[in-house]
Structures are given as C-alpha cells and as structure tokens.
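The values are calculated or read from the model by the stated rules, or taken from the named source; none is laboratory data. Every value quoted in this text rests on a predicted model; they were computed, and no experiment measured them. Cβ placement follows ideal geometry from the backbone for every residue including glycine, while neighbour counts extend to all protein chains displayed. These accessible areas exclude ligands, DNA and RNA; they are computed on the full protein's heavy atoms, side chains included. Shrake-Rupley method; radii C 1.70, N 1.55, O 1.52, S 1.80 Å.
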Amino acid sequence: MATPHISAQDDAFAESILLPGDPLRARYIAEGFLEDVTEVTAVRNMLGFTGTYKGIPVSTMGTGMGIPSASIYVTELLRFYGVRRLIRVGSCGGISTDVKMRDVILAIGAGTDSLTNRTRYNGWDYAPTANFELLRAAADAASDLNIQTHVGNLHSSDLFYNTYTDSLKFWQRMGVLAVEMETAAIYSLAAEAGAQALSIVTVSDHLVTEEQTSSEERERTFDQMARIALEAIHKLEQ
Ligand code: HPA
C-alpha cells in the first residue's frame, strides 16, 4: 500500500524508527548501524530503510525540516505503517548557557510557536512530552555508553530565521535548553496514536555564543545520538 508520501509495503517498517531530518542521514544510519538493510521508500527522495540492530527490527527515515514536513511523515508512519516507537535524532541551536556546543539533549518536552496543535486540537494547548519509559531507557543507554546528556525542554519553532530577538531571552528565562523545529509535533502525534516518542538532539550552533559546528563534527556527534537511540530500543526489546 502506498500513502501520499510513502511508497512501501504494509509491513515494510519496523515498530521502532529513528528519524533524522535529512534523508541522507537515514541512509547513513542504515548503512553504518543496521544489518540486513533494505530501502523501503524514496518518494521525493525522503529515503526510508529497514534493517536490524542486534537482531531487533529497526527502521530509519528522514522527516524533512520543520513541523509541517515532519507531521506528514510521522502521521503516515503511525496511521498506516504500524510504527509505535519514534526517536528523532537531530540538531538544535543552544539557548541556555548551560548547554555547550556538541552537547546531547534528551528532550523531556517541547513548547512551540507553531499553531498546528491548536488547529488540530480545537484551539486547546497540549503539553508535548517524551514517553517516560523511552526517555529513561535513552538516559540509561547514554550513561552505559559514557555519553553525557542534558535532560530538559526544547522550543520547536516554525522559524529558523527568527528576527524577533526578544524570543531568545524569554525562552532562556523559562529554562529552555535549545531550539529546533520538529519535536512538539512528533510528541503530540505519537501521543495521539498511543505510541512512544523521544527526541535526542545535539547542539550544532549556539544562539548566545553564535558558535557553529563543522559538518565533520556534526557527523561525529550524530553517531552518538544514533548509538543512544539504538541502545535504548535494545533495552526496551530485551
Ligand atoms: N534554530 C532552529 N533549528 C535549529 C537550529 C536553530 O538555530 N539549529 C539547529 N536546528
């Protein structure tokens, strides 16, 4: 069966999926971390793969950037392809001075300036939060792997280029660790479907210090997130 944005067999996806924004990162995860990999979809070059990690079926697929794009893919994965555990692995811009470049954040929750939840949920607010069991498994996995993590809140913004500079101060005051562009939607859609979700993000640039990482550094830190995500799945499936 094909959906409007995914062309795959009904059973093509595993219950657990790693979701980078960039589809080439999905290929990188599949080739570097999974075994017995098959490419399962390539509509609009939004590549998806399924393989195994330590014998457990795992998929990976790009979401694109931003809540509208991620919402399309996540909705179809949840509604039509039986995905039950979603782990975003991506980058973020540091907001808090407590987080440094290349630090890894496990997102307990995500606020947003997007109106998509209010549109979907009758004008009401929903508190998008990670699944606790999955968050705990990821925190344990990170500590087994000797990778330090922060656990805190993100801000999921519709704007990468936000010229309203006071927003940074506001989010700092609220203790928000970093900004990215997808988590509030992924957490909400997963909750609505009774599925588990978690975002693991690495600080790739910092809004306070204005530092940026090179693409090589991003690759290295990306490996850490993939390992945490896969080991968390392994813990839950053992
Ligand atoms: N803003 C939004 N999303 C991001 C950023 C940012 O500065 N860095 C990485 N993802």
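Remarks
- Förster radius 22 Å - calculated FRET efficiency between SER143 and GLU211, Cβ distance, rounded to 0.05: 0.25
- Within segment 20-49: backbone nitrogen closer than 16 Å to the PHE80 label point (7 Å, Cα to C-beta): 40-49
- A simple rule links phi to the HN-Hα coupling: the Karplus curve 6.51 cos²θ - 1.76 cosθ + 1.60 with θ = phi - 60°, which for segment 119-132 gives 5, 6, 10, 6, x, 8, 8, 10, 8, x, 10, 6, 6, 5 Hz, with x for Gly and Pro.
- Antiparallel content of DSSP bridges confined to the chain, in %, to 5: 40
- Solvent exposure of the chain amounts to 48 Å² per residue of accessible area, where only protein heavy atoms count and the probe is 1.4 Å.
- Simple rule: put +1 on each Lys or Arg Cβ and -1 on each Asp or Glu Cβ in the chain, find the dipole, and look at MET61, ALA26, SER157; the Cα lying farthest toward the positive end is SER157.
- Exposed loop sites here mean chymotrypsin sites (Phe, Trp or Tyr not before Pro) with a DSSP loop assignment and at most 11 other beta-carbon atoms within 10 Å; the chain contains its longest site-free run at 1-123.
- J(HN,Hα) series, segment 18-24, from Karplus relation 6.51 cos²θ - 1.76 cosθ + 1.60, nearest Hz, glycine and proline x: 9, 10, x, x, 8, x, 6
- Magnitude of the charge dipole, the chain, Cβ model with Lys/Arg +1 and Asp/Glu -1, debye to 20: 360
- Cross-link partners for LYS169 among the lysines, with Cα-Cα distance under 23 Å and sequence neighbours closer than 8 places in the same chain left out: LYS100.
- Remark: segment 138-144, residue by residue, has Karplus-estimated 3J(HN,Hα) of 5, 5, 5, 4, 4, 5, 4 Hz, where x stands for each Gly or Pro and the curve is 6.51 cos²θ - 1.76 cosθ + 1.60 at θ = phi - 60°.
- Note on LYS54/ASP10: beta-carbon distance plugged into 1/(1 + (r/R0)^6) with R0 of 35 Å gives a FRET efficiency of 0.90.
- Two-decimal ratio, the chain, of alpha-carbon radius of gyration to 2.2 N^0.38 Å: 0.94
- Mean Cα-pair separation over length for segment 26-173, i.e. relative contact order, pairs under 8 Å, 6 or more apart, %: 18
- 21 Å Cα-Cα reach of LYS235 towards lysines, excluding residues that sit fewer than 8 places from it in its own chain: LYS54
- Built amide H within the under 5 Å cut-off of VAL58, gap 5+: GLY51, THR52, TYR53
- Only one residue of LEU236, VAL179, PHE222 has its Cα farthest out toward the positive end of the dipole of segment 160-238, where Lys and Arg carry +1 and Asp and Glu -1 on Cβ, and that residue is LEU236.
- Estimated [θ] at 222 nm from DSSP helical runs (n ≥ 4, -39500 (n - 2.57)) normalised by residues in the chain, nearest 500: -11000 deg cm²/dmol
- Separation in nanometres of the label points that stand 7 Å from Cα toward Cβ, at ASP125 and MET174: 0.8
- Checking every one of the GluC sites (Glu not before Pro) in segment 121-226 against DSSP loop status and a limit of 13 other Cβ atoms within 10 Å picks out GLU210.
- Base-10 log of normalised Debye intensity for segment 1-78 (one unit scatterer per alpha-carbon) at q = 0.28 Å⁻¹: -1.45
- The calculated FRET efficiency for the pair LYS100 and GLU133, based on their C-beta separation and a Förster distance of 30 Å, comes to about 0.60.
- Estimated dipole of segment 160-235 in Debye, rounded to 20 [Cβ of Lys and Arg +1, of Asp and Glu -1, Cα centre]: 300
- Full extension of the chain between ALA2 and VAL151 gives 49.9 nm of extra length, using 0.36 nm per residue less the Cα-Cα distance.
- Largest GNM mean-square fluctuation among ASN45, ASN122, ASN153, using the chain with Cα springs under 10 Å: ASN122.
- Shape call, segment 104-209: gyration tensor on alpha carbons, a/c limit 1.5: oblate
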